[in-house]
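What follows is a single structure, written as structure tokens, with notes after it.
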Amino acid sequence: MAAMHVSQREKEWQKKDIYYNRYLAIRYITAVFFFANFWWLITLSMGKSLVAVVPLLLLILSGPAIWEQKEKFHNSQNTIRKTELYYLIQTLANVAFSFCYFTPLFRQLYPFLNQNGDEYLLTILLVGILLAGFALQRAVKIAKDEDRYYLTIMRYQKKTTSH
């Protein structure tokens with residue numbers, strides 16, 4: 001009887017793990033943005049720049065998304081509205097910062113760069129746009145149950161209910 005109880009508990013943990021792993025790429029991308037914005041904030045703060053409020057706001061906005069993703073271990077609903085909103089804002093911010101490359105505002109946003117680093121940072125911003133777009137696309141697929149993990153979940157449920 002105890003072995004059957006443990007087996008049922010294991011099945012529940014496996015199911016939770018599969019549901020949680022649907023968001024793995026999104027969680028990693030969120031971490032990348034969190035630390036990029038964090039180091040940008042630190043760098044601007046050391047220079048006592050008032051523009052430091054920009055990465056600070058992005059960090060604050062990432063908080064609800066991070067919390068929502070953490071809660072996915074206990075909640076198998078397939079929507080992550082706060083995360084989607086955060087990625088939309090981060091994408092728009094990266095687009096705006098990319099356009100600033102062609103204006104004097106770019107130097108205020110990134111005063112720690114020299115001329116050689118400008119193109120490098122523009123590339124990072126463009127990669128950030130692609131990453132955020134990928135995360136948004138992934139969230140939409142999950143919400144519509146069109147992601148590859150959904151098929152894994154269905155196979156797992158079919159396998160565990162047939163035994």
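Scan the chain and note any complete DSSP helix (H) whose C-alpha atoms cover at least 27 Å along its axis and whose Kyte-Doolittle average is 0.0 or more. Helices passing the filter in the chain: 24-46, 53-71, 81-100, 115-143.
Shown for the chain: lysine pairs separated by 8 or more places, or found on different chains, whose C-alpha atoms are under 17 Å apart, numbering 16. The Cα center of segment 95-115 and the Cα center of segment 21-46 differ in position by 20 Å.
For P(r) over Cα pairs in 5 Å bins from 0, in percent, computed directly from the structure shown, the correct entry in [x] 1, 7, 13, 13, 11, 11, 9, 7, 6, 5, 5, 4, 4, 2, 1, 0; [y] 1, 8, 15, 18, 14, 11, 9, 7, 6, 4, 3, 2, 1, 0, 0; [z] 2, 9, 17, 21, 22, 14, 9, 4, 2, 1, 0, 0 is [y].
Please check which bits of segment 14-43 a label hung off Phe134 would reach, taking the label as a point 7 Å along Cα-to-C-beta and the cut-off as backbone N under 14 Å. Flagged as within label range: 24-33.
Readers should treat all values here as calculations from the given coordinates under stated rules, not as data from a laboratory. Remember, it's a predicted structure, so these values are computed and weren't measured experimentally. No Cβ is skipped: glycine too gets one built from the backbone with ideal geometry, and neighbour counts run over all protein chains shown.
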